[in-house]
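This report concerns only the one structure given below.
Computed from the coordinates by the stated procedures, all read-outs in this text should not be read as laboratory data. The structure presented is a predicted model; accordingly, all values stated were derived computationally and were not measured. In this analysis, Cβ positions are derived from the backbone assuming ideal geometry, glycine residues included, and neighbour counts consider all displayed protein chains.
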Amino acid sequence: MTEPTLERPFTAEVANASEAHALGPEYVRAVGKVISSHVRNELAGAVVFDEPAIALAPAPKEKWLACRIAMEEYGHHLKFNKLAAELGLEDPLAARTLSVFDYELRTWTDFVVLKAVVDLAEVVLMEELKDCTYLPLRHLATKLLPEERFHVAFGRAASGELATAPSNRSALTQAVHDLVHFTLPFFGRSVSPNNELFRRWGIKHRSNDESRVEFVTRCRRFVVDDLGLGFPAVSTSWSG
Ligand SMILES: [Fe+2]
Ligand SMILES: [Fe+2]
């Protein structure tokens, strides 16, 4: 097989872990990096945001929704972890989690905006995996997307309700500004050897900046059109 390039990426479907290993260590390393990152980040999100949000939720209905979301995020971690184990990856939890998890969640308002903003970033990434050459990852992303979209829809609806009260608007604006800035690095550096590796092997199709632009476009629409708030000035490139 000729080495895949950015101009002529790998396009065949890889049905399972043994087919991935048969393609060679570079393919396993590439798909392994994407899976491991989801193993780590789904768990980090559940621990630092979703589970604490149950205590921040103001009433039983919101607690129930927060429980459901936390349950689903822990479930995502477990499902990605199963793919990691099938592929024989070394401890996916060994590396650092993304900087977005350094965001300090203080209020229920922060949480609902976080679901609308950060989970939108997750949706953008997972939508791309629906065309991934590694079929177990393609199928898992396809299966989990409705739950991620539900998290975003929950965040949007709850933020929209809060935005109807003028007294909430400054807290909402602050949360939007902080969370958008925390989320931009989520997509990785503009110049990224990892992203090139993923694209050469057909695991991803977009550059990190293209994904960031997609996120900013959709997030801006929500903030400006739905909430009627200002969107922060952002750069769609990031160099670390
Ligand atoms: Fe998730
Ligand atoms: Fe989510």
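Tabulated results
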{"read-out": "Protection-proxy order for peptides 73-82, 57-66, each taking the mean of Cβ atoms within 10 Å per residue, highest first", "value": "73-82, 57-66"}
{"read-out": "With Cα atoms, 0 to 90° folded angle of helix 135-163 axis to the chain main axis", "value": "10 degrees"}
{"read-out": "Between 0 and 90°, nearest 10: helix 208-220 axis offset from the chain longest Cα axis", "value": "20 degrees"}
{"read-out": "The chain - percent relative contact order, Cα under 8 Å, separation 6 or more", "value": "24 percent"}
{"read-out": "Cα-based helix-to-principal-axis angle, 60-86 vs the chain, degrees rounded to 10", "value": "10 degrees"}
{"read-out": "Against the rule of thumb 2.2 N^0.38 Å, how large the Cα Rg of the stretch 57-168 comes out", "value": "1.20"}
{"read-out": "Packing-based order for 29-38, 180-189, using average beta carbon neighbours within 10 Å, highest first", "value": "29-38, 180-189"}
{"read-out": "Principal axis box of the chain, alpha-carbon based, largest edge first, Å", "value": "62, 34, 27"}
{"read-out": "Debye intensity ratio in log₁₀ form over the Cα atoms of the stretch 151-240, taken at each q of 0.13, 0.24 Å⁻¹", "value": "-0.51, -1.15"}
